[in-house]
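Engineer: Take a look at this one; I'll ask things after.
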Amino acid sequence: MKKILYFKNYKISSDSILFKYKFNNKSYTVEFISKELLQNKSFDPKNDYVLNKVICYLGVISSFNLFDLEYFNEIIVECMVLNKEEGDYFSNLSFDGLAEFRYINKINISKKVKFSSICSQSNCLYKKPKLFFNKKTILLNGGGKDSAVAAEMLKLIKENYSWLTLNMNTARKNIILTSKIKSCFSLSRVIDKNIRKDSKYLGHKPVSALIAFISILYAYIYKYSYVVTANEYSSNFSNLKINDISINHQYTKSLDFEKKFNVFIRNRLFKGVTYYSVLRPLYEIQITKIFSFYRQYFPHFISCNIGVKENKWCLKCPKCAFIFLALAPFISIANIKKIWGSNLFLDKNITDNILKLIDNSAKPFDCVGTKEECRLALYLCEKNKLLEEVSKSTKKELFKYIQNYDYEKNLKKYLQTYKRENNIPKIIIPKVEKFWKKTLEIRQ
């Protein structure tokens, strides 16, 4: 029996957009709440075709939250016509973005979801007008080191920007305050509690894709030409492959997603908006090195997905271990203690996770660097005498992965090289490369 989710409709009010879905004769909702989102009086939500089409796309991508209920065979949209290009785009996006979800929940890794519609053409949205956008930038805010580095780089190259934050929390608010950029947008997402109550599965859904569509909605309403993310080169690499299918926890942060997203927006909505990562050519370890120059953010950033709601580091997950490992070589022991309270090489939870980051197994399902850059970080930590108090047995376990280590080769590849494929506008490439040259070619 086919398992079908219906995207029924949506309701626009002065401060929210409510999406309605139906599965097995039961209704579910996902709502976005924002005071400023639809306050632009130049828009008529009832008659603005482009606005409604962007909102419909947001409703389609929000349906990914409902895969906890069932891994659907098909999602049928009742409030917009989906042509073949649109249906194929969302089918391929769900296939790549939910690969980890299928793997963790033991669902057929090759299973694809069909996206279709049952909507009369007369009631649907199809016009594609000519639009004009201002040379302004939206910067997406995750509350971590990457957002801070992107913020400071944009200021340095004199690119004016406004922050956009989904689900504001203490860390994200503090990143904004520390950046001293006053222009900001924010919205919150409210997921129907019954989705979790009725859930059959649990697992990672690609929130970065959701935020990408949200950013396009804001870019359209407020006429911004650029949406900037802080996604790294490391995100291009999958965690593992099964039957030639890549499983990448960070797929929707990758260059492949970025390219396809831009093509889709230009083909199906409008030209004039570019979505790109200003950190795309950089490995994670390069970003942490740059971040080390911005000590004003040290008390405020949180890159732990588990502890961020409580504004703390959980100190038990691979992400905490990675951020410590990658940043520690570039800051003083005093600053290490200010951020984490102690030298985390003395914490068994952290060293156990560091082993997972550097050993020959698959990369953990988290936003962490590649195995080789983690090994370089460990080598640099040892070089900087951060492991002097670590037990002999722990050192032995860690050091076997950096025996006969080619330091010169890996230093050049993972820290000093920055000319890699990206989607950064050509007009600002010379400015950012000048900055990277200054900060990354300093020898360790």
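Throughout, read-outs are computed from the coordinates displayed, never taken from laboratory work. All of these numbers come straight from a predicted model, not from anything done at the bench. Virtual Cβ from ideal backbone geometry, glycine too; neighbours counted across all protein chains shown.
Engineer: What full-extension length gain, to one decimal in nm, is calculated for Cys314 and Asp244 as 0.36 nm per residue of separation minus the Cα-Cα distance?
Structural biologist: Contour length minus Cα-Cα distance gives 21.7 nm.
Engineer: Mind running the shape call on segment 286-417? Use the C-alpha gyration tensor, a ≥ b ≥ c as the square roots of the eigenvalues: rounded below 1.5 for a/c, prolate if a/b tops b/c, oblate otherwise.
Structural biologist: rounded
Engineer: Follow-up. Once you have the Cα-Cα distance between Asn105 and Glu441, take 0.36 nm times their residue separation minus that, and quote the gain in nm to one decimal.
Structural biologist: Here the answer is 116.6 nm.
Engineer: Once both axes come from the Cα atoms, what is the angle between helix 348-358 and the longest principal axis of the chain, in degrees from 0 to 90, rounded to 10?
Structural biologist: With both axes taken from Cα atoms, the answer is about 80 degrees.
Engineer: When the Karplus curve 6.51 cos²θ - 1.76 cosθ + 1.60 is applied with θ = phi - 60°, which whole-Hz ³J(HN,Hα) does each residue of segment 204-221 get, with x for Gly and Pro?
Structural biologist: With the stated coefficients, segment 204-221 comes to 6, 10, x, 5, 4, 5, 4, 5, 4, 5, 4, 5, 5, 4, 5, 4, 5, 5 Hz.
Engineer: Contour minus end-to-end for Ser183 and Lys158, with contour as 0.36 nm per residue of separation and end-to-end as the Cα-Cα distance?
Structural biologist: In short, 7.5 nm is gained.
Engineer: Here's a follow-up. For the pair Ile429/Ile33, report the inter-label distance in nm, with labels modelled 7 Å from Cα in the Cβ direction.
Structural biologist: 4.5
Engineer: What does the charge add up to near Ile191, with Lys and Arg as +1, Asp and Glu as -1, over the other residues with Cβ less than 10 Å from its Cβ?
Structural biologist: After counting each charged neighbour, the total is 0.
Engineer: Straight-line reach from Lys22: which aspartates and glutamates have Cα under 18 Å away, leaving out those fewer than 8 places along the same chain?
Structural biologist: Result set, ordered by chain and number: Glu31, Asp68, Glu70, Glu74, Glu78, Asp192, Asp198.
Engineer: Continuing with this model, one more query. Please compute the net charge surrounding Lys434, taking Lys and Arg as +1 and Asp and Glu as -1 over other residues with Cβ under 13 Å from its Cβ.
Structural biologist: +3
Engineer: For segment 104-119 and segment 316-392, what is the centre-to-centre distance using only Cα atoms, to the nearest Å?
Structural biologist: Segment 104-119 and segment 316-392 have Cα centres spaced 38 Å from each other.
Engineer: Next question. Under the rule of at least 5 residues apart or a separate chain, name every residue whose amide H is placed under 5 Å from the amide H of Asn231.
Structural biologist: Counting only residues 5 or more places away or on other chains, the set is Val278, Leu279.
Engineer: Now, a different point. Using the Cα centre as the reference, give the magnitude of the dipole from point charges on the C-beta atoms of the chain (Lys, Arg: +1; Asp, Glu: -1; all else neutral), rounded to the nearest 20 debye.
Structural biologist: 620
Engineer: In addition: What's the local net charge at Cys56, with K and R +1, D and E -1, over the other residues with C-beta under 11 Å away?
Structural biologist: 0
Engineer: Between Asp406, Asp366, Asp15, where does the largest GNM mean-square fluctuation fall for the chain, given springs only between Cα atoms within less than 10 Å?
Structural biologist: Maximum among the listed residues: Asp406.
Engineer: Exceeding 22 Å between C-alpha atoms, which entries from my cross-link table qualify? They are Lys20/Lys223; Lys383/Lys409; Lys200/Lys241; Lys173/Lys419; Lys395/Lys437.
Structural biologist: Lys20/Lys223; Lys200/Lys241; Lys173/Lys419; Lys395/Lys437, as the Cα separations exceed 22 Å there.
Engineer: Let me ask you something else. Around Val77, which amide H atoms from residues at least 5 apart in sequence, or from another chain, sit under 5 Å from its own amide H, with H modelled in the peptide plane?
Structural biologist: Phe7, Ser116, Ser117, Ile118
Engineer: Same structure, new question: Note the angle between two axes, namely the Cα long axis of helix 49-62 and the longest principal axis of the Cα atoms of the chain, as a number of degrees from 0 to 90, rounded to the nearest 10.
Structural biologist: Taking the Cα atoms of the chain, the angle to 49-62 is about 50 degrees.
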